[in-house]
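The values are calculated or read from the model by the stated rules, or taken from the named source; none is laboratory data. Treat the numbers as computed from the prediction; the structure is a model and nothing was measured. Positions of Cβ are backbone-derived with ideal geometry, glycine not excepted, and every protein chain shown enters the neighbour counts.
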Amino acid sequence: MTTAQEAKAESLRTAPRVTMSPRIVNALVVAGSVAFALLLWELVSRSGLVREQDLPTMTATVGELGSLARTGAFWSAFLHTVRGWALGLGIAILLAVPIGVGLGLSDFAGRAFRVPVEFLRPIPSAALIPLLFLTLGTTLESEVFLAAFGAFWPILVQTMYGVRDVDPVTIDTARSFGVPRRDRLWRITLPGAVPYIATGIRIASAVALILAFTAELFMGTPGLGMMLNYAQSYGLTTQLYALAIATGVLGICTHIAFTAIERRALRWHPSQRLGAA
Amino acid sequence: MSRRRAEALKLATEIAVPIAIVLVWEAWARSADSQFWPPPSTIAQEFRDLWLFAQFRSDVIPSLMRILFGFAIGSAIGVAVGLPLGLSLWARKFAMPHVEYWRAMPPPALLPISVILLHSIGNLQKITFIAFFCTFPVLLNTIDGVRALDPTLVDTARAYGVPVRERIRRIVLPAAFPQISAGMRTSLSLAVIVMVVAEYFSSTSGVGYVLLISKNTFQLVPMWAAIVLIGVIGYLLNLAYMMVEHRLLAWHRGWRAATPL
């Protein structure tokens, strides 16, 4: 150990320790970082670096967001978006998990549908908007279909990987102990695939939100996207920024929630145990 | 049944099922005779007439250029910003709230703002918009890749007095590259999606623009052809990237195979 490090260690031992839990420090850093960005925004707009009609000041935008939050129209739009996202994601989970288990378990079925899945998966769901607009119209069904279609693929693929990745030794052990097929599925294969499925659902949740919002923006189904479209058409720039911020907040909230769920699903997994990382 | 026969049967199914799906679709569309669901043969005809190669130059090339430029710029920024964030704990703590926020932002919510801020609905706005959203998968994967670096490697290099710039160029970047590459693949498929959305919102050319115009003029067959084309672009770009990645990471697989984990 060098002398500098020794001195540092010594000072750590003797100096009166400022007891601040790492959680508080992290929260302070986050708050400072957000405050810094907001201040920077205010400065850029006020100094005229970007014209104020293009970039409203931070204070004006936050004020607009505050007054929006006191209107029923905003919350109704917010809930519409949440509804489209939740229904789309829910339907995608209900369809993709059983199909994924089926395609993952049977080598034969997996091979038979490999090409259709590989071809449909990378298709950007947003390309279906005009088709849905002309067939289902500007309805909740359109929005939910689009969100469900987009969310279906990540969950399907993750479920298939998860089922295939179950340790074959565990399965063989259970088989040699005479555990029936159905119990093997419920007790070994599915629990083993849960972390993969949780990851698929986290990815799908973001996709479903994007597509619900996109459907509202382009097709005019009620929700935050439609409100944003109106704000744009009427040239309400401040409201445009306020709505974009609100959409981002919805995005980060769902992301944090599903990351927490994923971590919970993975809790038993060695990679998540304390000290392993 | 012998193993070889089982394998042959599986291969036959793998080929037969997609063909069967298209045939059923064709038969169903012909019998339904709905203007919304043209049979695949009609779509294929239109696809050939439109894209091979009448509108290829005017609409497909611009879209592809926007995807590639946006992807390249976004990836470069992602690596350039991700390296310092991966190496420094405090920079990471400070920047993460913003990275997480913009990453979770649904891209279309920023479309009108991008038009207002950039005073453009042309390539400037399209490429900037695509690049912005392509940055985040690369950025996050660069951070992860740099953080997962074996500390012994860096310490050894430091003990031998290898300067910082050389350490980054010869050790950090190559070691993080498999992870960065995974991020780039996500970004590339994201670029296609963002391209469609951006062109659909405001543009004067591109595949998304053709999609919008054929919807507005109620031309179902060209619209289907555009949807198929977007699917083909997404599929082929992913395939091309996987082939490039396979070559670029050949050293990595060899190294992994030789190193017991």
Please find, within the stretch B:137-183, the residue that is surrounded by the most Cβ atoms within 10 Å (Cβ to Cβ) out of those that are under 23 Å from B:ALA95 (Cβ atoms) and among the polar types (S, T, N, Q).
B:THR142
Test for B:SER58: is it in contact (Cβ under 8 Å) with a residue 12 or more places away in the chain and either exposed (fewer than 14 other Cβ atoms within 10 Å of the Cβ) or over 27 Å from B:SER205 (Cβ atoms) (or both)
yes
Can you find a residue that is more than 27 Å from B:ILE227 (Cβ to Cβ), surrounded by fewer than 17 Cβ atoms within 10 Å (Cβ to Cβ), within 14 Å of chain B (Cβ to nearest Cβ) and not hydrophobic (A, V, I, L, M, F, W, C) anywhere in the stretch A:107-127?
yes
Would you confirm whether or not the stretch A:224-239 contains a residue that is within 21 Å of A:GLY88 (Cβ to Cβ), modelled with pLDDT of 90 or more, among the hydrophobic types (A, V, I, L, M, F, W, C) and touching a Gly at 6+ places or on another chain (Cβ under 8 Å)?
yes
Which is touching a Leu at 6+ places or on another chain (Cβ under 8 Å), crowded, with 20+ Cβ neighbours inside 10 Å and more than 25 Å from B:PRO18 (Cα to Cα), of A:GLY100, A:GLY88?
A:GLY88
When the stretch A:33-70 is checked residue by residue, the ones that are in a loop (DSSP other than H, G, I, E, B), within 20 Å of B:ILE116 (Cα to Cα) and away from every other protein chain (no Cβ under 11 Å) are A:SER47, A:GLY48, A:LEU49, A:GLU52, A:THR57
Looking only at residues in the stretch B:1-53 that are among the charged types (D, E, K, R) and more than 14 Å from chain A (Cβ to nearest Cβ), which one is surrounded by the most Cβ atoms within 10 Å (Cβ to Cβ)?
B:GLU46
Report, by residue number, each residue of the stretch B:184-207 that is surrounded by fewer than 24 Cβ atoms within 10 Å (Cβ to Cβ), polar (S, T, N, Q) and over 21 Å from B:ARG57 (Cα atoms).
B:THR186, B:SER189
Would you confirm, using the coordinates I've provided, whether A:ALA215 is in a helix (DSSP H, G or I) and within 10 Å of chain B (Cβ to nearest Cβ)?
yes
So A:THR199 ticks every box in (1) assigned to a helix (DSSP H, G or I); (2) without any contact (Cβ under 8 Å) to a residue 60 or more places away in the chain but one. Which box is left unticked?
(2)
Per the filter on the stretch A:193-234, residues among the charged types (D, E, K, R) and surrounded by fewer than 24 Cβ atoms within 10 Å (Cβ to Cβ) are A:ARG202
Residue match in the stretch B:111-120 (condition: more than 17 Å from the chain's Cα centre (by Cα), among the hydroxyl-bearing types (Ser, Thr, Tyr) and under 30 Å from A:ILE245 (Cβ atoms)):
yes
A:GLY100: over 22 Å from B:VAL228 (Cβ atoms), more than 14 Å from every other protein chain (Cβ to nearest Cβ) and in contact with a helix residue (DSSP H, G or I) (Cβ under 7 Å, 6 or more places away or on another chain), yes or no?
yes
Matching helices (runs of 4 or more DSSP H) fully within the stretch A:88-165 where at least 1 residues are among the acidic types (Asp, Glu)
A:107-112, A:114-120, A:140-164
Pick from B:GLN45, B:GLN35: which is outside any helix (DSSP H, G or I) and either aromatic (Phe, Trp, Tyr) or over 30 Å from A:PHE108 (Cβ atoms) (or both)?
B:GLN35
Among (1) at negative phi; (2) not in a helix (DSSP H, G or I), there is one condition B:ILE168 misses while meeting the rest; what is its number?
(2)
Which one is farthest from B:ILE193 (Cα to Cα), of the residues in the stretch B:61-78 that are under 16 Å from the mean Cα position of the chain (by Cα) and buried (at least 19 other Cβ atoms within 10 Å of the Cβ)?
B:GLY78
Those residues of the stretch A:140-171 which are within 13 Å of chain B (Cβ to nearest Cβ) and free of Cβ contacts under 8 Å to residues at least 60 places away in the same chain, in sequence order
A:TRP153, A:PRO154, A:VAL157
Of the residues A:ARG175, A:ARG184, which single one is away from chain B (no Cβ under 14 Å), assigned to a helix (DSSP H, G or I), charged (D, E, K, R) and touching a residue at least 12 places away in the same chain (Cβ under 8 Å)?
A:ARG184
Can you pull out every residue in the stretch A:129-139 that is within 7 Å of chain B (Cβ to nearest Cβ) and either free of Cβ contacts under 8 Å to residues at least 24 places away in the same chain or within 16 Å of A:PHE152 (Cβ to Cβ) (or both)?
A:PRO130, A:LEU131, A:LEU134, A:THR135
Any chance you could count how many residues in the stretch B:82-134 are of a type in the set (A, V, I, L, M, F, W, C), within 12 Å of another protein chain (Cβ to nearest Cβ) and over 27 Å from A:GLY235 (Cβ atoms)?
8
